[in-house]
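*Asks:* Here's a structure for you.
The values are calculated or read from the model by the stated rules, or taken from the named source; none is laboratory data. Here the structure is a predicted model, which means the values were calculated and not measured. Heads up, the Cβs are rebuilt from the backbone with ideal geometry, glycines too, and the neighbour counts pull from every protein chain shown.
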Amino acid sequence: MDKMQDKGIEIRKMCFEDIPFGFQLSLNENWNQTQNDWDFMVGRKENLCLVAICKCKIVATITVFNYNNQIAWIGMVLVDREFRGMGISTMLLNQAINLLQNGQHIKLDATSAGYPIYKKLKFKDEYQIFRMTFSPEANTQLKEDTSVRLMKNYHFQDVVEFDCIAFGTTREVLLKELIKNSPELAWVSTNDEIISGCVFGRKGAKYTQIGPLSARNCTVAKKLISRIIENNDHRSWVVDIPAYQSDFIKWMESLGFTTQREFMRMYLGENVSPINIKNQFLISGPEFG
């Protein structure tokens with residue numbers, strides 16, 4: 001527990017009783033997280049989640065998802081609008097960074113509002129990400145492919161290893177959570193039973209998020225998107241696409257996806273580079289990376 005006496009701000013670890021307040025903050029800012037997302041982030045003991053309290057009220061949050069003590073993913077840096085301009089987000093960031101283990105690579109996806117704060121804390125730019133949405137009025141007819149099928153248990157370990165190549169460390173815990181909650185959104189592409197691509201998704205407060213999506217090439221990525229949309233009628237979709245996937249972005253636009261906002265992927269200190277970042281076509285959202 002940390003007290004900022006001069007500003008009347010107290011920072012402490014987030015507990016389950018705080019989740020409704022964090023969830024409401026995210027709803028107030030039109031984010032897509034559900035209470036289930038918050039339960040998962042706060043309930044996993046390896047993660048670090050903090051709240052800032054002012055006048056006996058929770059006014060800000062930060063979450064840090066711990067990937068194997070290798071990557072610490074900062075997300076959900078939210079401040080109540082009435083308490084902005086007090087430096088609370090900087091306090092939370094400094095406290096979280098100080099509590100992280102040495103050797104962890106710290107990363108995040110910055111909004112335009114948060115970007116100046118992260119730059120002051122010496123975060124560096126990595127690449128841009130486009131958030132795109134699509135709300136089809138009717139079932140979208142896309143070409144299906146028999147090489148793409150629903151993910152089964154026997155695929156999972158190979159999928160975890162394939163995803164690791166694109167992300168930089170294993171995300172087994174996150175991927176298990178995604179397939180548990182939304183098995184209809186978990187698809188795999190194979191070539192002679194060898195994984196060539198995989199995609200996951202999750203239901204959000206406003207949209208169904210597609211991602212992460214890893215694939216050997218753009219053709220496989222398109223097949224995965226086609227199958228997931230074709231088999232889940234009349235949903236409103238959101239995706240977060242790295243800017244370097246320009247051909248994929250153009251194809252998504254041809255389906256009807258439009259850009260809503262941009263993020264900047266950033267890192268603090270030394271960066272960790274995936275074995276093949278070009279395999280990453282969709283991230284899993286700024287809260288998870």
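*Asks:* Does the range 257-282 hold any residues that are more than 20 Å from F162 (Cα to Cα) and at pLDDT below 95, and which are they?
*Replies:* G269, E270, N271
*Asks:* Taking the stated definitions as given, is F263 closer than 15 Å to F134 by Cβ and in contact with a strand residue (DSSP E or B) (Cβ under 6 Å, 6 or more places away or on another chain)?
*Replies:* no
*Asks:* Please determine whether any residue of the range 119-137 is of a type in the set (G, A, S) and farther than 23 Å from I210 by Cβ.
*Replies:* no
*Asks:* Of the residues N47, N66, N32, N102, only one is of a type outside the set (A, V, I, L, M), touching a strand residue (DSSP E or B) at 6+ places or on another chain (Cβ under 9 Å) and free of Cβ contacts under 8 Å to residues at least 24 places away in the same chain; which?
*Replies:* Going through N47, N66, N32, N102 in turn, the sole match is N47.
*Asks:* Which is touching a residue at least 60 places away in the same chain (Cβ under 8 Å) and either assigned by TED's automatic domain parsing to the domain that holds M41 or aromatic (F, W, Y) (or both), of F248, F281?
*Replies:* F281
*Asks:* Please indicate, with yes or no, whether at least one residue in the range 162-181 is without any contact (Cβ under 8 Å) to a residue 24 or more places away in the chain and under 25 Å from E253 (Cα atoms).
*Replies:* no
*Asks:* Starting from residues that are assigned to a loop (DSSP other than H, G, I, E, B) and of a type in the set (G, A, S), keep the ones in the range 170-197 and report whichever is farthest from A243 (Cα to Cα).
*Replies:* S182
*Asks:* Is it the case that some residue within the range 149-158 is under 22 Å from I71 (Cβ atoms), part of a strand (DSSP E or B) and touching a strand residue (DSSP E or B) at 6+ places or on another chain (Cβ under 8 Å)?
*Replies:* no
*Asks:* Is it the case that A60 is surrounded by 20 or more Cβ atoms within 10 Å (Cβ to Cβ) and under 25 Å from V272 (Cβ atoms)?
*Replies:* no
*Asks:* Something else: Where in the range 198-289 are there strands (runs of 3 or more DSSP E), lying fully within it, with 2 or more residues that are surrounded by fewer than 22 Cβ atoms within 10 Å (Cβ to Cβ) and of a type in the set (V, I, T)?
*Replies:* It comes to 258-268.
*Asks:* Within the range 46-77, track down each residue that is within 15 Å of the chain's Cα centre (by Cα) and either small (G, A, S) or farther than 25 Å from N271 by Cβ (or both).
*Replies:* Correct list: A72, G75.
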